[in-house]
Amino acid sequence: IGHERAIIDEFVSLLAIPNVAANQQDILRNVQHLQRLLAQRNIEAQILQIPNAPAALFAEIRTPGATRTLMFYAHIDGQPVEPSQWQGSKPFTPVLKDRSGRVI
């Protein structure tokens, strides 16, 4: 408790980075940002890159004596937005709304 603002701020900073799948530079910027967030938590993460493919991120926390493995997998690549069909704020401008949909 007491870290809510920092958590939201970090999430907003990630969501504000464009992540259109066809733009490999956007994906690399997202991966680098996630790598920095993990480093702040003392988690070493490795950027994986091969030619003509978007970057990926691999990280692990090794725990001596662990008998199970937990894996998280997430996509950070979005689909292009057709500006004429977008409703609300701009696609990479995060907004926080209350339950009624009002921006707060």
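The values are calculated or read from the model by the stated rules, or taken from the named source; none is laboratory data. Just so we're clear, the structure is a prediction, and the values are computed from it rather than from any experiment. Note that we place each Cβ from the backbone using ideal geometry, even for glycine, and neighbour counts take in every protein chain shown. Accessible surface is based on the protein model in full, side chains and every heavy atom, while ligands, DNA and RNA are left aside. Shrake-Rupley method; radii C 1.70, N 1.55, O 1.52, S 1.80 Å.
Once the Cα-Cα distance is subtracted from the 0.36 nm per residue extended length, the L15 to Q79 segment shows a gain of 21.7 nm. From the Kirkwood radius over Cα pairs of the chain, Stokes-Einstein at 10 °C and 1.306 mPa s returns a whole-number translational diffusion coefficient of 98 µm²/s.
Loop-located chymotrypsin sites (Phe, Trp or Tyr not before Pro) in segment 2-104 (DSSP state not H, G, I, E or B) with no more than 13 neighbouring Cβ atoms inside 10 Å: F72, Y73, W86.
Roughly how large, in nm² to one decimal, is the mean projection of the convex hull of the alpha-carbon atoms in segment 49-90?
Mean orientational projected area (segment 49-90, Cα hull): 5.9 nm².
For the chain, the longest principal axis of the C-alpha atoms and the axis of helix 4-15 are separated by about 80°. Across K90, K97, the residue with the most accessible area heads the list, and the full order at a 1.4 Å probe is K90, K97.
If R0 is 25 Å, the Cβ-Cβ spacing of A6 and Q87 corresponds to a FRET efficiency of close to 0.25. Note on segment 4-104: with neighbouring protein chains present and a 1.4 Å probe, carbon and sulfur make up 56 percent of its accessible heavy-atom surface.
Stretching the chain fully between N23 and D98 yields a gain of 23.8 nm (0.36 nm per residue, less the alpha carbon separation). Once the 1.4 Å probe is applied to the protein heavy atoms, segment 1-102 comes out at 86 Å² accessible per residue.
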